[in-house]
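Novice: Next up is a structure, given as structure tokens.
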């Protein structure tokens with residue numbers, strides 16, 4: 001079969017799997033509505049057709065059976081239960097494996113009979129009564145847009161506008177329903193423009209039923225729209241959902257109009273290897289652009305006032321501008337929104353909470369934040385471990401939460417955003433937090449620290465024990481946790497991409513873990529420093545703060561512990577590492593220096609250097625091919641690469657992770 005068709009099927013199947021899973025989880029948490037079931041039915045129908053076209057018969061057969069069940073739900077002859085959703089999710093997992101094996105040309109067959117038997121054996125809720133169906137149909141008249149109306153609505157959106165469907169349920173005995181609905185439209189017209197209402201062709205005195213829909217175009221967020229109408233009396237329930245038109249699973253071949261074809265052609269699929277190659281070219285351009293600027297600066301100083309040099313300087317500035325635009329454009333093609341990562345966690349939390357007998361509400365914010373693909377791949381495992389720990393160790397059982405005056409249902413919130421040139425991802429729960437006394441006891445029992453070390457630990461140092469290899473507070477190993485590798489993996493993965501981890505613990509109230517990550521690993525913002533005759537580059541994300549220490553302030557600000565320089569920084573005693581001591585470069589140790597507070601993961605040190613040259617955007621050239629046993633540079637620690645500077649010379653990139661590790665190991669040895 002044509003490779004292009006195969007790849008198109010695999011990509012479409014992955015999108016459909018995610019859409020189906022999202023719909024099922026939404027149905028499980030908020031209940032069944034007509035548009036959700038319609039979408040779910042359409043996705044499953046498309047999956048059935050495409051798998052049949054690929055001659056994957058077992059998958060097509062399973063999708064067909066699930067489609068039949070959803071058809072009964074859509075026709076209001078059956079109500080979907082949690083058990084049925086479990087079986088459909090299990091069937092979806094089998095389809096994912098089937099597609100993955102098919103992609104690798106490996107044999108695999110879905111046990112269709114087992115899944116369909118399990119699905120059919122689920123106790124079904126009684127079909128809705130004919131009276132209720134009739135009422136439902138009466139209420140839903142005009143509540144849903146046709147595909148043509150939906151397309152027209154989405155095309156009318158301005159740059160900052162979004163399309164919403166607002167569902168309203170009035171109390172059953174509401175008098176003058178037309179008047180109440182007039183208040184709704186009056187409030188919503190202040191929030192945006194109303195596209196359509198489900199009662200627009202009905203006289204006010206003839207309006208019947210309790211449920212109504214409004215289609216609104218607005219720049220406001222969902223919560224604010226909901227707040228504008230929720231306070232109107234007799235409104236018992238309000239649901240605001242955003243209408244998305246960008247992920248229609250209907251194959252392009254079925255698109256009929258020229259307008260549809262034009263819209264589809266605005267997006268093309270590009271092999272990621274081509275983007276990587278383009279990124280490497282832009283990296284080289286970035287280096288040469290900086291060199292051109294430095295040379296132009298020298299020429300301008302030498303031939304000041306020359307008209308040709310002035311024109312050349314203007315051209316150089318234009319090339320610099322275009323180069324920056326090109327760099328940002330290429331980097332944006334490698335950026336993915338975090339929803340592709342965050343979308344996998346609702347299912348995981350649902351399954352884990354059921355297994356643990358816990359009730360958990362999962363909240364997500366900032367899923368539209370963009371992150372480079374290479375970094376996104378590195379954070380999936382850390383987030384998996386953090387969420388598993390939050391479910392297993394953080395959130396208490398419903399009974400235990402009630403004893404402590406909490407609601408039975410715990411909350412886990414995953415949020416993301418961008419600030420000051422980096423990305424932050426935060427996971428927060430309202431569970432029991434970390435018991436530091438228990439952490440110390442477990443660490444002593446496992447031989448990770450001594451009793452004396454535990455007694456002298458600060459609260460932050462005790463918190464950092466959870467990142468030690470082999471540490472776990474679990475008394476037994478389960479499928480979820482207890483092996484002592486989880487948080488250590490988190491720390492190592494975040495350190496590998498020059499990220500930082502911060503924790504905010506409140507015993508009995510919950511734990512928040514925040515990761516700070518660079519936007520990309522390709523072209524980074526850096527701090528250029530000098531110590532003795534060497535120039536070094538530090539990733540700017542690792543720089544927490546810069547402290548100036550003058551000679552007259554040295555004796556006041558710097559102390560000695562076991563003949564080692566330390567400084568008090570915001571309540572923490574941090575070791576001072578002299579730049580002149582790096583790589584045995586020697587040099588005179590003065591009393592005045594620039595102290596750079598470096599942070600990585602949970603540790604910090606102060607690097608003392610003679611001069612801070614400034615910030616610069618650099619492209620790191622790794623030294624992996626030249627370092628290591630038997631290679632030209634040998635076992636080189638503390639250097640992760642080199643960069644070409646604007647003057648054509650090079651500088652070393654300091655490996656902040658290795659420096660911090662060396663300092664912390666020496667401190668541990670000195671405490672023993």
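Each value in this text was obtained by applying a stated rule to the coordinates, not by laboratory testing. Since the structure is predicted, the reported quantities are computational estimates derived from the model, not experimental observations. Positions of Cβ are generated from backbone atoms using ideal geometry, with glycine treated the same way; all protein chains shown enter the neighbour counts.
Novice: Exposure proxy check: 103, 98 ranked by fewest other beta carbons within 10 Å?
Specialist: 103, 98
Novice: Something else: Sort 393-402, 212-221 by packing, meaning the average of other beta carbons within 10 Å per residue, with the highest value first.
Specialist: 212-221, 393-402
Novice: Sorted from fewest to most neighbouring beta carbons within 10 Å, what does the list 515, 176, 335 look like?
Specialist: By the 10 Å Cβ count, ascending: 176, 335, 515.
Novice: Okay, next question. Please report the spacing between the Cα centers of the range 517-546 and the range 348-362 in Å, no decimals.
Specialist: Here the answer is 42 Å between Cα centres.
Novice: Taking the beta-carbon count within 10 Å as an exposure proxy, list 471, 182, 164, 560 from fewest neighbours to most.
Specialist: 560, 182, 471, 164
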